[in-house]
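Chemist: Got a structure for you, questions after.
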Protein chains: 4
Amino acid sequence: MNIDRMQSISARIKGNKVFELFVVTVILVSALAIGAKTYAIPDNTLALIKILDWTITLIFLAEIVIRFLAEEHKRRFFHNGWNVFDTLIVVVSLIPIEDSELALVGRLVRIFRVLRMVSIVPELRLLLNALLKALPQLGYVLLLMFIIFYIYAAIGATFFHWINPALWGDISISMLTLFRVMTFEDWTDVMYETMAVYSISWVYYLSFIFLTAFAFLNMVIGIVVNVMEDEHARERQLQNDADGVPTIEDLSRQIEELKQLVRERA
Amino acid sequence: MNIDRMQSISARIKGNKVFELFVVTVILVSALAIGAKTYAIPDNTLALIKILDWTITLIFLAEIVIRFLAEEHKRRFFHNGWNVFDTLIVVVSLIPIEDSELALVGRLVRIFRVLRMVSIVPELRLLLNALLKALPQLGYVLLLMFIIFYIYAAIGATFFHWINPALWGDISISMLTLFRVMTFEDWTDVMYETMAVYSISWVYYLSFIFLTAFAFLNMVIGIVVNVMEDEHARERQLQNDADGVPTIEDLSRQIEELKQLVRERA
Amino acid sequence: MNIDRMQSISARIKGNKVFELFVVTVILVSALAIGAKTYAIPDNTLALIKILDWTITLIFLAEIVIRFLAEEHKRRFFHNGWNVFDTLIVVVSLIPIEDSELALVGRLVRIFRVLRMVSIVPELRLLLNALLKALPQLGYVLLLMFIIFYIYAAIGATFFHWINPALWGDISISMLTLFRVMTFEDWTDVMYETMAVYSISWVYYLSFIFLTAFAFLNMVIGIVVNVMEDEHARERQLQNDADGVPTIEDLSRQIEELKQLVRERA
Amino acid sequence: MNIDRMQSISARIKGNKVFELFVVTVILVSALAIGAKTYAIPDNTLALIKILDWTITLIFLAEIVIRFLAEEHKRRFFHNGWNVFDTLIVVVSLIPIEDSELALVGRLVRIFRVLRMVSIVPELRLLLNALLKALPQLGYVLLLMFIIFYIYAAIGATFFHWINPALWGDISISMLTLFRVMTFEDWTDVMYETMAVYSISWVYYLSFIFLTAFAFLNMVIGIVVNVMEDEHARERQLQNDADGVPTIEDLSRQIEELKQLVRERA
C-alpha cells in the first residue's frame, strides 16, 4: 500500500461525520470515566475503568495517526497548536507510570483529555480563539493593574507585616490578600484588624478598591467598545459589498455622468 | 345548546376585560393565600383558606374550560405551552391528596399557580419569551463554562479529596464548591485550607476565577451585542419602511430617470 | 408696600447668585451640624448646635417665603414636588418636639435637610429626575423578579420552615433570605444547612441564582439599550436640525426640481 | 563645554532606545528590591540591597539631570506633572533618614518608584490619562452618592448608635459600615443585629442597596455612553476627512451645479 493511497483513505475517514461523532463519544466516555474515578467505587469497577482508559488511549492514538496521515504536508501538522496538544496528551498517556509522584501527572493528563472536546467541536474552537484574541488588547490595563497591586502589596507588607504575617507576611502573600480584598471576600475583617493599629488604614483599602474597580470597569468598557467597533466595521463592509445597493460615491459618479451628458447634448 | 354557540359565548367571555381582571384578582388572592399559609395561623383561618383554595381551583377549572371552548381548533389549544401549563396546574390541584409524601407535591402545585400571573399578563409573557429566546444564543459559552468547571472539578476532586471531603469529595460536590468560589463566597477559606497542604494551589483558584470571569464577561458582551444588533436591524427596517423618506437607492433611480430624460429631450 | 413690588424684589433675591451660594452654604453647615451631633460632644457645644439648628430653620423659612413670594402664580408653587418637600421639611422643623418618641421624627427631618442640596443644585436635580425616569421602564422586569422571589420564598417557607425558622420562618423572612442569597452573602451556609436535610436542595439555590442573575442582566441591558436609543434619536434630531447640512430628502427634492427644469427647457 | 552642546548631547541620550530600556530595567530592579525586602532575608543580602538602593537612586538622579538638560525651555520641565513626580521621588530618596518615624516615609518613597514605570512607558501614561479624564464626568453622580451615603449614615448613627458603637458610633464609622454593606460584605450580620431591635430596619438596608446599586449602574452606563459617543464622533470625523469619499453636502453641490448647467445650456 503506497503512501498516497493511505493519505486519501485517512482523509476520507477524517472527513467522515460518523468518525467525528465516534471521537466525540469517546471523549465524553473518557470524561465520564474521569468523573467516576472521583467517587468511592468498588475495585472491579476500577479495573473496568482502567481497561476503558487504555481503550480510550488507543482510540485517541489511532485518531491522531489517521489525522496525521490525512495531512498532505506532514510538517504543517504540528504548526496547529491543537494538533500538538492532542499528540502530547496521547503520548504522555502511553507512558506507563508506576511512581506515585508521576501518577498525579498521569491523572492530570487524563483530565485534560476533556479539553479535546474543544479541539474537536469547531464552534468551541472558534469561541476559544475569540477569547484568546481579546486577551492581548487588555495587556496594558492588566500591566497597570499589576503595578497597582505591586505598590499596594509593598505598602501592605511594609506596614502591616507584624500585625498579621499570615496575610501580610511578604509581597506575594500581600498580593493574594489584596486580590481577596478586590473580590470583597471578608475584606472588612482584614481592614478592621489593621485599623485597630493604624486607624487611618481604611484609606488604604478604600483607595485600593476604587482604583481596581475603576481600572476593571475601564477594561470591561474597552472590550465592549472593541467588540462593537469590529461589529460596525463588519456591518459597513457588508453594506459596501451588497450588490445593487448604491453608495454615495456611486451617486456622485452618476451625477457626474449626467453632467457630461447635459454638456454633450446641449 | 349547540357547540358553535357555546364557542362564541366562551370567546366573548374570554375577550372580556372584566373577566381578565377577575382572573388576575383570583391569582393574586391565591398568591396571598399561599403566603398566609407560611405564617403560624389559627385553625379556623386555616379552614377558611382551605375553602378559599377549593374555590380558586374551581374558578381556575372554569376559566380553563371557557378558554378551551373559546378555541376554534381544539387541537391547537395544547400546542400553546402556557395552556398545557395551566391545565396541568388545575388537574393536579383537583386530585385529592391525603398522603403526606404527595401532600408536598400538592403544595408545590398551589405555589406554581402564582406563575399563572405570567401566563395571563401579556407583557410578562413577552418578557419571559424574550428571556428564553436569548438563552440558546449562549449555548456554546455555557458548554465551554461547563467544560472548564468539569476539568477544574476533576483536578480538585483528585488532589484535594482527602483534605476536605465535604468540599472535594467527588466531582459533583467539587463543582458545587467551584460554583461557590465563582460567587466569591468565602472562597479564601476554601483556598487557605488547600494551600496549607499544597502551597501552590492558589494558582488553581486564581486561574479558575480568571477563566470563569472572562468567559462570563464574554457571555454578557455577547448578549449585549446581540440585543444591539437586533435593535439596529429593526431601526434600519423602520427607516426603509417609512413612507416618503427616500433611500439612496431611490436617489439613484431618480438620477437614472433624469439621465433618460436628458437623453430623450436633447 | 404692595404685593407686586414684593414679588419683584423676591424674584430678584431668588435669582441672585450670592443668595443661592448662601443657601448652599447653610445646607452644608446644617449637614455638618447633623454629622457633629453623632459624635460624643460636650454639652456647651451641643447647646451651640441647638442655636445653630434654629438659625438654620429660620433661614430656610425665610428662603421658602422668598421663593413663594417670587412665584407669579402662587398656586403653581406647590405643583413642584421639590417645593412641597422643602416646605414640609421647614414646617416640621418648626414644631417644638419634646416627646422622646417624636424627637426621632424631628431628628430625621433635620437629616433630610441634606436632601435640599439636590433641590438647590440644578445638575443634581436633573440627575435624580433622569434616575427616576428610568425606573418605570423597568416595571415589568421588577414585577417578574418579584414573582420569582415570591414563588421561591413560598417553596422555601414550605419545605425549610422547620430547618431554620430564623431564615425560613414565613414568606417575608424567606424573601429576605433569598435577597441575601442573591447578593451571595454567606449563601453557602444557608444552602449547606438545608442540604443536610434535603440533599437535592442545591437545585433550588442554583436555579434561583441563575434566574435572578439572568433577569438582572436583562434589566441592565434593557436600560443600556434604552439610553443608547435615546442618544441615537437625539443625534438624528441634531443632524436633521443642523442648518445647511442637506438630508437625503433634500437631495431627492433637488433632483426632482432638476427633472422639472430639464422638462421645461428641452 | 558650553550649555548648548550639553543640551544636544542630553537630548541624544534621552532619545536613545538603549537608554530608555536601561531606565526601565533599573525601575524593574528597584521594584524587585522593594519586593525582596518584604521577605525575611539574611543581613548580608540586606546590605547588598542597601547598596543597590543607593545605586538606583544615583542612576535616577543622573536620568533626571539628563532629562532636565535635554529640555530646551528649562521652565517648562516642571509644567509636566510626571517630571515633578520623578524629581520629588529622587530628591526625597537622597535625604539620609535615620529617624524611625521618617524611615517609613523613606520606604514609601522607594515603593512609589515603581510608579515611574507609568511615567516611562508611554502606553501606560496614555491609559492613566484616559482614566483620569473620565473621572470628572462622574463628578455629580459621585456627589449624589456621597449625599445618599451621608443621609443614611446620619440615620444609622442616630438610631443604631447604642446597638453597636463599633459599626454605628459616629457618622464617619457609619459611612464605612455602609460602604461595607454596599460591597455585600457580611451585610446580613449588620442587618440582623439591628433587626433584633428595630424589626423594620431591613427597609433601611434594602433601600440603601437599591439606591446605591441604581446610582452605580447609572454611573457605569454614563461612562459607556460617553465612551461610545466619543467613538462615534471620532468615526464621523474620520469619514468626513477621508479623501475622495463624497458627503451628502458634496452631492447637493453637484446637483446644484448640474441645475446651473441645464439652465445655461438650454
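The values are calculated or read from the model by the stated rules, or taken from the named source; none is laboratory data. Note that the structure is a prediction, hence the values are computed from the model and not measured. Quick reminder, even Gly has a Cβ in these numbers, built from the backbone with ideal geometry, and neighbours come from all protein chains shown. We work out accessible area using only protein heavy atoms, side chains counted, and drop any ligands, DNA or RNA first. Shrake-Rupley method; radii C 1.70, N 1.55, O 1.52, S 1.80 Å.
Chemist: In whole angstrom, how long is each semi-axis of the equivalent ellipsoid of region A:69-202, when you take the square root of 5 times every eigenvalue of its Cα gyration tensor and sort them from largest down?
Modeler: That gives 45, 21, 13 Å for the three semi-axes.
Chemist: I want to make sure I understand the PRE zone here: with the label point 7 angstrom from the Cα of C:LEU61 toward its beta carbon, which residues in region C:80-96 have backbone N atoms less than 11 Å away?
Modeler: Once the point is set 7 Å along Cα→Cβ of C:LEU61, C:90-96 turn out to lie under 11 Å by backbone N, inside region C:80-96.
Chemist: With each pseudo-label sitting 7 Å past Cα toward Cβ, what's the D:GLU20-C:SER172 distance in nm, one decimal?
Modeler: About 6.7 nm, to one decimal.
Chemist: Next question. Take the alpha carbon gyration tensor of region A:1-100, find the square roots of its eigenvalues, order them as a ≥ b ≥ c, and report rounded if a/c is under 1.5; if not, report prolate when a/b exceeds b/c, else oblate.
Modeler: Prolate, because a/c is 1.5 or more and a/b exceeds b/c.
Chemist: Say a site is exposed when it is one of the GluC sites (Glu not before Pro), sits in a DSSP loop, and has at most 14 other Cβ atoms within 10 Å; what is then the longest site-free stretch of chain D?
Modeler: D:99-266
Chemist: Using the beta-carbon distance between A:ARG76 and B:ARG5 and R0 = 51 Å, what value does 1/(1 + (r/R0)^6) give for FRET efficiency, to the nearest 0.05?
Modeler: Numbers: r = 77 Å, r/R0 = 1.51.
So, using R0 = 51 Å, E works out to roughly 0.10.
Chemist: How charged is the neighbourhood of B:ARG67? Take every other residue with its Cβ under 15 Å from the Cβ of B:ARG67, and add Lys/Arg as +1 and Asp/Glu as -1.
Modeler: With Lys, Arg at +1 and Asp, Glu at -1, the net is +2.
Chemist: Within a 10 angstrom radius of each residue's Cβ in A:27-34, how many Cβ atoms of other chains show up on average? Whole number is fine.
Modeler: Other-chain Cβ atoms within 10 Å of each residue's Cβ, averaged: 2.
Chemist: Which one, C:GLY15, C:ALA40, C:THR55, is farthest towards the positive end of the dipole of region C:3-120 when Lys and Arg carry +1 and Asp and Glu -1 on their Cβ?
Modeler: The residue sitting most towards the positive pole is C:GLY15.
Chemist: Identify all lysines with a Cα-Cα distance to D:LYS259 below 18 Å; exclude those on the same chain that are fewer than 8 residues away in sequence.
Modeler: Straight-distance partners of D:LYS259: A:LYS259, B:LYS259, C:LYS259.
Chemist: Using 10 Å bins from zero, what percent of all Cα-Cα pairs in region A:125-260 falls into each bin?
Modeler: 10, 28, 19, 14, 10, 8, 6, 4, 1
Chemist: Sticking with this structure for a sec: Once you order the gyration tensor axes a ≥ b ≥ c over the Cα atoms, which shape class does chain C get: rounded for a/c under 1.5, otherwise prolate or oblate by comparing a/b with b/c? Show your work: numbers first, answer last.
Modeler: Numbers: a/c = 3.24, a/b = 1.07, b/c = 3.02.
It is oblate, given that a/c is not under 1.5 and a/b is not larger than b/c.
Chemist: Which whole number gives the average, over all residues in B:148-158, of C-beta atoms from other chains lying within 10 Å of the residue C-beta?
Modeler: 5
Chemist: Taking all protein chains in place and a 1.4 Å probe, what share, in percent, of the accessible surface of region C:125-260 do carbon and sulfur account for? Walk me through the intermediate numbers first.
Modeler: Details: 4110 of 6320 Å².
Taking all protein chains in place, region C:125-260 shows 65 percent carbon and sulfur surface.
Chemist: Still on this structure: Which value, in Å², gives the accessible area per residue of region C:1-155 when a 1.4 Å probe is used on the protein heavy atoms?
Modeler: 59
Chemist: Taking the Cα-to-Cβ direction at B:GLU193 and at D:ILE200 and moving 7 Å from each Cα, how far apart do the two end points lie in nm?
Modeler: It works out to 4.2 nm between the two label points.
Chemist: Is the shape of the protein assembly as shown rounded, prolate or oblate, going by the alpha carbon gyration tensor and its root eigenvalues a ≥ b ≥ c, with a/c under 1.5 for rounded and a/b larger than b/c for prolate? Write down the numbers at each step before the final one.
Modeler: Details: a/c = 1.01, a/b = 1.00, b/c = 1.00.
It comes out rounded by the Cα gyration axes.
Chemist: Can you pull out the chymotrypsin sites (Phe, Trp or Tyr not before Pro) in region A:1-82 whose DSSP state is coil and whose Cβ has at most 16 other Cβ atoms within 10 Å?
Modeler: A:TYR39
Chemist: In debye to the nearest 20, how big a dipole does chain A give about its Cα centre with +1 on each Lys and Arg Cβ and -1 on each Asp and Glu Cβ?
Modeler: The dipole magnitude comes to about 820 debye.
Chemist: For peptide C:103-110, what's the mean number of Cβ atoms from other chains within 10 Å of each residue's Cβ?
Modeler: The mean count of partner-chain Cβ atoms within 10 Å per residue comes to 2.
Chemist: Follow-up question, since we're still on this one. Straight-line reach from B:LYS14: which lysines have Cα under 17 Å away, leaving out those fewer than 8 places along the same chain?
Modeler: Filter leaves B:LYS74.
Chemist: Another question, then. Once both labels are modelled 7 Å past Cα along the beta-carbon direction, what's the D:ILE163-A:ALA47 spacing in nm?
Modeler: With each label placed 7 Å out from Cα toward Cβ, I get 6.5 nm.
Chemist: Nearest 0.05, what FRET efficiency do B:GLU256 and B:LEU217 give at R0 = 45 Å with Cβ-Cβ as r?
Modeler: With R0 = 45 Å, the Cβ-Cβ based efficiency is 0.35.
Chemist: State the answer as a single residue: which of A:PHE160, C:TYR204, D:PHE216 lies farthest towards the positive end of the charge dipole of the protein assembly as shown, with beta carbon charges of +1 for Lys and Arg and -1 for Asp and Glu, about the Cα centre.
Modeler: Going by the Cα projections, it comes out as D:PHE216.
Chemist: Computed on protein heavy atoms with a 1.4 Å probe, what is the summed buried accessible area for the chain pair D and C, in Å² to the nearest 100?
Modeler: Result for this pair: about 4500 Å² buried.
Chemist: Provide the per-residue ³J(HN,Hα) series for region B:128-133, in order, calculated from phi with Karplus coefficients 6.51, -1.76, 1.60 and θ = phi - 60°, each as a whole number of Hz, with x at glycine and proline positions.
Modeler: Once θ is set to phi - 60°, the couplings for region B:128-133 become 5, 4, 4, 4, 5, 5 Hz.
Chemist: List for region C:189-220: residues with 20 Å² or greater reduction in accessible area, all protein chains versus chain alone, probe 1.4 Å?
Modeler: Residues passing the criterion (a loss of at least 20 Å², heavy atoms only) are C:TYR192, C:LEU206, C:PHE210, C:PHE214, C:LEU217, C:ASN218, C:VAL220.
Chemist: Hey, with R₀ at 41 Å, roughly what FRET efficiency would D:LEU132 and A:LEU108 work out to, going by the Cβ-Cβ distance, to 0.05?
Modeler: Numbers: r = 45 Å, r/R0 = 1.10.
Between D:LEU132 and A:LEU108 the formula returns 0.35.
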